[in-house]
Amino acid sequence: SPLWLVVPAAGQGKRMGADKPKQYLPLEGQPILAHTLARLHDAFPQAHLVLCLDPEDHWFRPDWVPFTHWQQVPGGIERMDSVMNALEAIAANDSDLVMVHDVARPCITRADLHALYRAAQSHPSGALLAMPVADTMKRDQGDQLSHATEPRDGLWHALTPQGFRYALLRRALTKAQQQGTLVTDEASAVEALGEAPQLVSGRRDNMKVTHPDDLALATAIMAAQRS
Ligand code: C5P
């Protein structure tokens, strides 16, 4: 059955403070978006890509898309709205697998992509790449004072990709939209249905490019991954 890759790329990347959205900033001479799509294509050359783009976006160039099968859809107000637009646009079967991956994670490896795919295939509630929390976690009360320490036992960072059956993901995001809950990843919407997606331990270098410093870090990671 077909694999659908949804790549939300309609964000503004405001925290980057750059003159264009962060997915178009260069890493090793290529925009972040091109790196991310190249890695997805390397792992799943036959997949169908759905790219969510801001309707006002004038930086995107289709020659950065290596997929044979792909379409673009307009992004929404929030990330979850962008993903929902993708789900509404595709002619998928309920049991098809949908993998959602942030455009801003260009350091994703083929091994992690394949591991997540296998887990999402075999787990009815889906799966996400994640990383156990290593640091001690502090709680403030909006005042930047450390009032408490949260036990980090059992805490994970949620990464992408995250993969689910089409019907489950659509039901989850529909409910989140109807209830007006702001979900920042797909797994949280699925959890709200009482499901428990599988946590798949992913590489620590699958970082999300968010702040200006992250460009140098991502460049170093890519060089290290080649050596
Ligand atoms: O800003 P942040 O890095 O958290 O966004 C995560 C991902 O969601 C990015 O790939 C961004 O382009 C995407 N996004 C989107 N539509 C929005 C907001 C964010 O596709 N409305």
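With respect to Ala130, is the statement that it is touching a residue at least 60 places away in the same chain (Cβ under 8 Å) and within 16 Å of Met207 (Cβ to Cβ) true? Answer is yes for this residue.
Evaluate the stretch 159-167: report whether one residue or more is modelled with pLDDT of 95 or more, in contact with a Lys or Arg (Cβ under 8 Å, 6 or more places away or on another chain), assigned to a strand (DSSP E or B) and of a type in the set (A, V, I, L, M). For the stretch 159-167, residues modelled with pLDDT of 95 or more, in contact with a Lys or Arg (Cβ under 8 Å, 6 or more places away or on another chain), assigned to a strand (DSSP E or B) and of a type in the set (A, V, I, L, M): present. Taking the stretch 108-154 as the range and being outside any loop (DSSP other than H, G, I, E, B), more than 23 Å from Thr219 (Cα to Cα) and hydrophobic (A, V, I, L, M, F, W, C) as the test, the residues that pass are Ala115, Leu116, Ala119, Ala120, Ala127, Leu128, Met137, Ala148.
In this structure, Arg105 qualifies as among the charged types (D, E, K, R) and near the ligand (Cβ under 8 Å from one of its atoms). All of Arg118, Arg139 fail the test of being touching a strand residue (DSSP E or B) at 6+ places or on another chain (Cβ under 6 Å), among the basic types (Lys, Arg) and either crowded, with 17+ Cβ neighbours inside 10 Å or without any contact (Cβ under 8 Å) to a residue 12 or more places away in the chain (or both), apart from Arg139. Contact annotation: residue pairs with Cβ atoms under 8 Å, 6 or more positions apart or on different chains, pairing a residue in the stretch 71-85 that is within 11 Å of Val100 (Cβ to Cβ) and near the ligand (Cβ under 6 Å from one of its atoms) with a partner that is modelled with pLDDT under 95 and in a loop (DSSP other than H, G, I, E, B), are Arg79/Gly11; Arg79/Thr184. Each residue in the stretch 33-70 was checked for being of a type in the set (D, E, K, R), out of contact with any Cys (no Cβ under 9 Å at 6 or more places or on another chain) and in contact (Cβ under 8 Å) with a residue 60 or more places away in the chain, and 1 of them qualify. The number of residues in the stretch 197-211 that are in contact with a helix residue (DSSP H, G or I) (Cβ under 8 Å, 6 or more places away or on another chain) and either in a strand (DSSP E or B) or of a type in the set (A, V, I, L, M) (or both) comes to 4.
For the stretch 25-70, enumerate the residues that are β-branched (Val, Ile, Thr) and within 12 Å of the ligand (Cβ to nearest atom). Hits for the stretch 25-70 are Ile32, Thr36, Val50. Scanning the stretch 86-102 for residues that are among the β-branched types (Val, Ile, Thr) and away from the ligand (no atom under 14 Å from the Cβ) yields a total of 2. Look at the stretch 6-23: where a residue is touching a residue at least 12 places away in the same chain (Cβ under 8 Å) and under 16 Å from Phe60 (Cβ atoms) and a partner is near the ligand (Cβ under 7 Å from one of its atoms) and among the β-branched types (Val, Ile, Thr), sitting 6+ places away or on another chain with Cβ atoms under 6 Å, you get Val7/Val103; Ala9/Val103; Gln23/Val103. For the stretch 176-208, the set of residues classified as closer than 13 Å to Leu159 by Cβ, within 16 Å of the ligand (Cβ to nearest atom) and modelled with pLDDT of 95 or more consists of Asp185, Glu186, Ala187, Asn206, Met207, Lys208, listed by residue number.
The values are calculated or read from the model by the stated rules, or taken from the named source; none is laboratory data. If you're wondering where the values come from, they're calculated on a predicted model, not measured in any experiment. Ideal geometry is used to build each Cβ from the backbone, glycine not excepted, and the neighbour counts take in all protein chains shown.
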